[in-house]
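Novice: Pasting a structure below so you can have a look.
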Amino acid sequence: MKALLTTIEIFIKSAHFYRGVRLTFAAVTPLAVLGYFGYFEYAPAITMGAFLNAPGDIPGSLKRKVNAILISIALTMLVTTTILFCKPYLVLLIAALAVFSFTISLISIYGFRASMVSFSGLLAMVLAFAIQKDTAFDILVHVILMGCGGLWYLLISIVFRIISPKKDEIQFLSDTLSLIGDYLKLRARLLTKKSKRQELIQQAFILQTQINEKHETLRELLLLERKRTGRSHYDEKHLLIFISSVNIFELIEAKHLNYDDIDRLFSDKKYLKASKKLNKIMGNDLIHLSDLLIQNDKTSDNDQLLNALSKTKENIATYVNDIQLPKAREGALLLRNLYDYQEQILDEINAIRRVMANVKDASKVSLKRQNTSQFLTLQEYRLNVITQNFSLNSTMFRHALRFTVAIIFAFILGTVLDIRNTYWILLTIIVIMRPNYGLTKDRSKDRIIGTLIGAAVAIAIVLLTQNVVVYAILAIISLTLAFALVQQNYKSSAALITINIVFVYSLINPDAFQVIQYRVIDTIIGASIAVVANYSLWPSWEALNLKNVLVDALDKNRKYLLATQMLYYDKNENELAYKLARKEAFLAISNLNAAFQRLTQDPKSKQIEFQLIYDMVTLNQTMVSAIASIGSFIINHKTTPASKEFNALTLRIANTLEASCSILDNSQAECETVTIDIEKAQEKLMETYHSLSRLRDENIQKGHTELDTETLHNLQEAYLIASQLIWLKTLSDNLRKATLKYRQVI
């Protein structure tokens, strides 16, 4: 019961619920106030305006939010006016539908915020069919009131932001910590679950994409606002938590091990259990901290973390004692490197704990504003973005065409068959249809199941009571919960929307069963049209659309590797450039992971060369992790000067990645010349490690068994740099072969 109450508390205090309350308040207030003063006939248009322009109100900077809603207001007014004037003329109406469907859906090219504005415009286009206005004056009055409703919602949004200005920041920080906690626990399972690694790695792709998306939004929320308005105590706290979350994410990525080596060195998995347990405990602690952020509670001591870390360190000594040196050295160094990363992760978790506990001086952070601005990903809004996508080679262009045909077909079908509420079919298509087939199919299932569940619940309630007061209360509650859950659980949101519509109609029309019947039928028709259109009209199968995403991932990995090379020369001078390259590489890999997830949702028959693509995604992912491993070690340790062998291997790997990009682009690679024999460079790097190992063995034989910190770090550096670079060379060679084969396939 306590866990259930905690879950309810976290949901009620969440930004998702706050957003639902905000929209419900903006929609219901005009109905209540104008109804009270006897002007109820003006209220529906204002409520519709508020409802239509809410989608553009997504987390981000206030300036971008205001601009998005103002553009949305202008767009919804234009669309509604045009459709209402064209309604008496069927040919003009179909033409308007076609033009608006294509042009407005194409706006989504400009990113997620633009796609929400696009959704508002398309929603206005469909809901205009539910409006009955006979004269031009009535139409203009309605549209002006809609505009007032949009401005009313903007005012409410700003007021709610003033009341709770950090709600979105806290929610995204909480979500990020929770996702990273899940990611840590998944990495723990990867250590020992050999038979399930492919399945777990695919789950890791999803988590990596979600974490990167959260980090991108947090950069806008924290860095852009900070740049414009200065910083407060809470800004500093949230920025520190964000920075620690980024550091933890990189450390987890850097801890991506060569699992072939793991299986070779640790046939007995008992020596991995301590590391696995520490990961799980740290993951659970991050999830707990994510809940405390929402609840605004202070942290408590967690001795489990320190105890687990201590046992992990003891486990290394146990391994060495059991296996004995020198046989145990390679495994011990691997465990030691793993321990170092886990210790650094624990330091970052403790940093978050200190910030949340309001420890004195814990919330001081120094970031130059000109530096922070470089971490922001700015959306390009120039007209040439559309002109560049005005081709059948563009996924969004094909989606706009497909969407337009589906809308026109659904409208003509509804008109010919004289379907009572054709706009419900159109509405279903707008809500469900996405550029890729898999997501459209999944949303169709969720929409139909949610509608059926909502209809069943609504029927049960209507049979139990005929009280309009109950209907009104349930309509308000269901609307709030529907918008609170729309991003988290689409199926539940669809059920609640259905309940809301049924009760709103029940307040107007007592025949609720007829409303439910038409709602279910129209939803099924709309979902079917959306799925069939996605499959048959200019389909966008991911297997054939991966080229640009792959090129970007390869290029960003190359730049990340070269930035890591420069970091080796001078940490202080090149750390900012390294972190920027790291961010770009992580985002590119996130986009590649997301594309692969879309591929898995396509029909099996369309998943051309699935295993090849999976191998390419995994190779890119492993490569960015190996680079992160080197970079993280350099940042957190005192290192020796970079050798010419290190530089030669780095250049060789970068050239191979450049060649892979050229294969996909069908262009000529411009590669620098490598003057050193690569095989000999590899041997020299490994010889450095072997030389240190022999020296250590001689000291042990002389009775000097204590291992000083400098010798340990030198051994770790030699082993990590040599093994990771040789591994990276192998990965880059395999990537080049895979890209060549992929190019031949497509």
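What follows draws every value from the coordinates through simple rules; no lab data is involved. Treat the numbers as computed from the prediction; the structure is a model and nothing was measured. As a convention, Cβ positions derive from the backbone with ideal geometry for all residues, glycine included, and neighbour counts pool all protein chains shown.
Novice: Would you mind putting 725-734, 658-667, 626-635 in packing order, based on average other-beta-carbon counts within 10 Å, highest first?
Specialist: 626-635, 725-734, 658-667
Novice: Would you calculate, for the chain, the mean residue ellipticity at 222 nm contributed by helices, counting each DSSP H stretch of 4 or more residues as -39,500 (n - 2.57) and dividing by all residues, to the nearest 500?
Specialist: -26500 deg cm²/dmol
Novice: Taking 0.36 nm per residue of sequence separation and subtracting the Cα-Cα distance, how much length would be gained by fully extending the chain between residue 36 and residue 601, in nm to one decimal?
Specialist: Taking residue 36 through residue 601 to full extension adds about 198.3 nm, to one decimal.
Novice: Could you list 158, 352 so that the one with the fewest beta carbons within 10 Å of its beta carbon is first and the one with the most is last?
Specialist: Taking fewest neighbouring Cβ atoms as first place, the list is 158, 352.
Novice: Using the count of nearby Cβ atoms within 10 Å as a rough guide to exposure, how do 347, 235, 418, 297 rank from fewest to most?
Specialist: Ranked by crowding around the Cβ, least crowded first: 418, 297, 347, 235.
Novice: Same structure again: Which of 538, 152 comes first, and how do the rest follow, when ranked by fewest Cβ neighbours within 10 Å?
Specialist: Taking fewest neighbouring Cβ atoms as first place, the list is 538, 152.
Novice: Take every Cα pair under 8 Å in the chain that's 6+ residues apart, average their separations, divide by the length, and report that relative contact order as a whole percent.
Specialist: Contact order relative to length: 14 percent.
Novice: Something else: Please turn the phi angles of the range 648-654 into ³J(HN,Hα) values with the Karplus equation 6.51 cos²θ - 1.76 cosθ + 1.60 (θ = phi - 60°), one per residue in order, whole Hz, x for glycine and proline.
Specialist: After applying 6.51 cos²θ - 1.76 cosθ + 1.60, I find 5, 5, 4, 5, 4, 5, 4 Hz.
Novice: Oh, and also: From the backbone phi of the range 264-281, what are the Karplus-calculated ³J(HN,Hα) couplings (6.51 cos²θ - 1.76 cosθ + 1.60, θ = phi - 60°) in whole Hz, Gly and Pro given as x?
Specialist: Those phi angles translate into 6, 7, 10, 4, 9, 6, 5, 6, 9, 5, 5, 5, 4, 5, 4, 4, 4, 5 Hz.
Novice: May I ask you to derive the FRET efficiency for residue 267 and residue 536 from their Cβ-Cβ distance with R0 = 35 Å, giving the value to the nearest 0.05?
Specialist: Rounded to the nearest 0.05, the efficiency is 0.10.
Novice: If you don't mind, there's one more thing I want to ask. Within the range 1-164, how many Lys pairs that are eight or more residues apart, or on different chains, come under 29 Å at the alpha-carbon?
Specialist: Count of close lysine pairs: 4.
Novice: Taking Cα extents along the principal axes in Å straight from the coordinates, which label in (1) 113, 112, 78; (2) 100, 58, 47; (3) 122, 63, 48 is the correct one?
Specialist: Read-out taken from this structure: (2).
Novice: How much length would be gained if the chain were fully extended between residue 74 and residue 350, taking 0.36 nm per residue of separation minus their Cα-Cα distance, in nm to one decimal?
Specialist: Extra length available between residue 74 and residue 350 comes to 94.5 nm.
Novice: FRET efficiency for residue 130 and residue 385, Cβ-Cβ distance as r, R0 = 30 Å, nearest 0.05?
Specialist: 0.35
Novice: Related question: Evaluate the Kirkwood expression for the hydrodynamic radius of the range 159-221, namely the inverse of the mean inverse distance over all pairs of different C-alpha atoms, and round to one decimal in Å.
Specialist: For the range 159-221, inverting the mean 1/r across all distinct Cα pairs yields 13.2 Å.
Novice: Please report, to one decimal in angstroms, the Kirkwood hydrodynamic radius of the range 1-164 built from all distinct Cα-Cα pairs.
Specialist: After inverting the mean inverse Cα-Cα distance, the result is 16.9 Å.
Novice: Now a separate question. Distance in nm between label sites at residue 300 and residue 62, each 7 Å beyond Cα in the beta-carbon direction?
Specialist: With each label point 7 Å from Cα toward Cβ, the separation is 3.8 nm.
Novice: Okay, moving on. Pulled fully out, how much extra length does the chain show between residue 314 and residue 140, if you take 0.36 nm times their separation in residues and subtract their Cα-Cα distance?
Specialist: 54.9 nm
Novice: Please list, short to long, the whole-number percent of alpha-carbon pairs of the range 571-625 in consecutive 10 angstrom bins beginning at zero.
Specialist: Using 10 Å bins, I get a P(r) of 22, 40, 22, 11, 4, 0 for the range 571-625.
Novice: Here is a follow-up. Scattering from the C-alpha atoms of the range 393-538 alone, worked out with Debye: what is log10 I(q)/I(0) at q = 0.13, 0.19 1/Å?
Specialist: -0.59, -1.08
Novice: What are the ³J(HN,Hα) couplings of the range 19-25, residue after residue, when phi is run through the Karplus curve with 6.51, -1.76, 1.60 and θ = phi - 60°? Round to Hz, x for glycine and proline.
Specialist: Karplus values, whole Hz, x for Gly and Pro: 5, x, 5, 4, 5, 4, 4.
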